[in-house]
Amino acid sequence: MDYRKKSILGPLSSLKYLFKDPITVRYPKENKKTYPDVEGVSPQYRGRHINDLEKCIGCGTCMDICPTGAIEMVEFDDVKEKFGATKKRPVIDYGRCCFCAFCVDVCTSSSLSMSREFLHSFETPVELQKDDMGEEISKFFILRPDMEFSSNPGWKTDNEYSWLELERVCMGMIDPEERINSFIEIVKGYSKDQAIKEAERCVSCGLCKDACPIHMDIPEYIQAIFDDDVKESVKQIYKTNPLPEVCGRVCTHKCETACSIGHRGEPVAIRWLKRYAVDSLPLDEYKKILQTKPIKQVNKKVAIIGSGPAGLSAAYFLTLMGYKVTVYEENEKAGGIMRYGIPAYRLPDEALDKDLDFIISLGVEIKTNYKIDQEKFKRMYEENNAIVLSTGFNLGRSTRVPGTEREGVVQALDFLQEVRDYLTGKRTDVQITDNVLVIGGGNVAFDCSRSVARLQKMKYGKVKVTQVCLETLDIIPADKEEVEESGEEGVVLICGRGPKQIIIDENGHIKGLDSMKCESVFDENMNFNPHFNEEDRLICEATMIIEAIGQAPDYSYIPDEIKSKMKFERGKIVLDKDFSTGVEKLFAAGDIVRGPDIVNGIATGLNAAIGIDKKFTT
């Protein structure tokens, strides 16, 4: 406070405002002449809040930014649940609101704005201009036909003026002309400065956490990155994800589709930030900072069949719960689909092995080159207290059109495994022609096309790959980045067509694919039921064809007397709430339960582990 003495004439200084225009007006009776080009009240008055309840996602950024604590997020029963949103909506206390409109500036969905249509002005009748107005005055807070309102809109924000950083930090990638020559990893990863800048975009709303199948503490590990504390970030990541190197590269990142920033701009690069955190620390640092050890000791043995994401997840969490775990893998190395089904340019062995080595360091035993048959299964059933089935969908599906039985028609997973074996020196070559056609529209199909393109460039010096799929671009199941990057590498994509037959020449060799137009992929109930126009035909030339239309499970290793007690639905095992098959000691996880993607595999592995622990400790 200023305690300096004032002049005795000080009170008269206010007379200078006598002939100036008033600061406030009675709109519409009067208009502020200092703003002759604006109708209504001063444009500095931002108005009262309007929230589009359909657009609002309940992220809570408005509540977090409010400097007066005037906003509370309240859950409403009549708000429908939807992906990437909560049932909460902001409620504003106008006794505390200062009308700063910060809440509008940070609204991630642009649902919140301020309107001046609520500004009504009329004179209070002279007979009511007294202290004792009673309830009569309340009538004048009701909109009347003779009342006018401001035509000047209130405060709104758009993408040109926003407190939010709507553009993500660009991820560096190897140019198509260079990456097509090898299977080197094409995504470079964030630098420290890039990661911190990208982490700054996160508003910590937590919608991503709800969308993640394993409910990772995403805002927490991103905040740690922003604080330049990658050790803390890795701690947060490992709470629920034992395969962060893998997920930092090939996760389907559904969390990003729920990111609130994505409503107005590009979602936060959650997957790439995860990769940055785990790439920043060597394996020996993991052990120091995580100090992972069992929380208890349980004298029980668990066998896990399959070392894919679900099997490794179950092994990791069961080990931490104190169980003796052994994982059985039929291939030479552990990893399942992650090693033998995903190309090295997306997931290099070094990243997968880092995750594997940490899991093994906890005491998990992995037996490779160990194929389970019915006799081995019976012995395993007798020797263990519980078994987790996590064998995945490892058999290819065929279109079964005429010609698929011919030599030169191969299955996607068989082809991808041959490519991996070739890159690791287990094979000297992969049989590939100079004109290949791939059937399918999922990520696996694009993995095949892009692998073929690299092999052709290395062998023939040019790329000639055609990919045919039923779906149009708006419903194609593959990730958008797969579609874009394959085009950059020379893959020609033909959408909306299905195979009729494989054309064979007079010498018995593959000549091409006869395709027909796909009018629709799904029926009215959204079940897969493609409808074709056989009059609309297109012939695509090719000398080799890869079928990549999906996979199927192989349950031949399960004895019939056990299989007969299990329930199956569309090839998947039906489980109870504890992920038990209904057969004593037998649990399941992964694609044979839910999927098909890595993060859902991790989630089901965790759930199976919880189910087993519940069985023996409660």
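The values are calculated or read from the model by the stated rules, or taken from the named source; none is laboratory data. No experiment lies behind these values; they were computed from the predicted model shown. Because the Cβ atoms are built from the backbone with ideal geometry, glycine has one as well, and the counts that use them run over all protein chains shown.
Structural remarks
- Selected residue (criterion: farthest from SER233 (Cα to Cα)) from residues of the stretch 273-325 that are touching a strand residue (DSSP E or B) at 6+ places or on another chain (Cβ under 7 Å) and surrounded by fewer than 19 Cβ atoms within 10 Å (Cβ to Cβ): LYS301
- Filter pass, PHE446 being in a helix (DSSP H, G or I) and farther than 18 Å from GLY336 by Cβ: yes
- Checking each residue in the stretch 246-289 for being assigned to a helix (DSSP H, G or I) and touching a Leu at 6+ places or on another chain (Cβ under 7 Å) picks out VAL246, ARG249, VAL250, ALA258, SER260, ILE261.
- Enumeration of residues in the stretch 388-404 that are closer than 15 Å to ALA542 by Cβ and among the hydroxyl-bearing types (Ser, Thr, Tyr): THR399, THR404
- Residue that is surrounded by the fewest Cβ atoms within 10 Å (Cβ to Cβ), among those in the stretch 227-245 that are part of a helix (DSSP H, G or I) and either without any contact (Cβ under 8 Å) to a residue 12 or more places away in the chain or among the small types (Gly, Ala, Ser) (or both): GLU232
- Check on LEU606, touching a Ser or Thr at 6+ places or on another chain (Cβ under 8 Å), part of a helix (DSSP H, G or I) and not small (Gly, Ala, Ser): yes
- Condition met for CYS448 (surrounded by 20 or more Cβ atoms within 10 Å (Cβ to Cβ) and either touching a residue at least 40 places away in the same chain (Cβ under 8 Å) or not assigned by the TED database to the domain that holds VAL250 (or both)): yes
- Against the test of being closer than 23 Å to GLY571 by Cβ and assigned by the TED database to the domain that holds VAL521, the options GLN431, GLN374, GLN417 yield a single qualifying residue, GLN417.
- Set side by side, the residues ASP210, ASP228 differ, and just one is under 11 Å from the mean Cα position of the chain (by Cα) and more than 25 Å from LEU352 (Cβ to Cβ), which is ASP210.
- Residues in the stretch 407-434 that are among the polar types (S, T, N, Q) and within 35 Å of the chain's Cα centre (by Cα): GLN411, GLN417, THR424.
- Any hit, the stretch 515-533, residues being part of a strand (DSSP E or B), outside the structural domain of HIS253 (by the TED database), in contact with a strand residue (DSSP E or B) (Cβ under 7 Å, 6 or more places away or on another chain) and aliphatic (A, V, I, L, M): yes
- Test: residue in the stretch 578-594 that is among the hydrophobic types (A, V, I, L, M, F, W, C) and either surrounded by fewer than 16 Cβ atoms within 10 Å (Cβ to Cβ) or part of a helix (DSSP H, G or I) (or both): no
- For first residues located in the stretch 388-412 and over 21 Å from GLY441 (Cα atoms), partners that are at pLDDT below 95 and lie 6+ apart or on another chain with Cβ distances below 8 Å form the pairs ARG406/GLY508.
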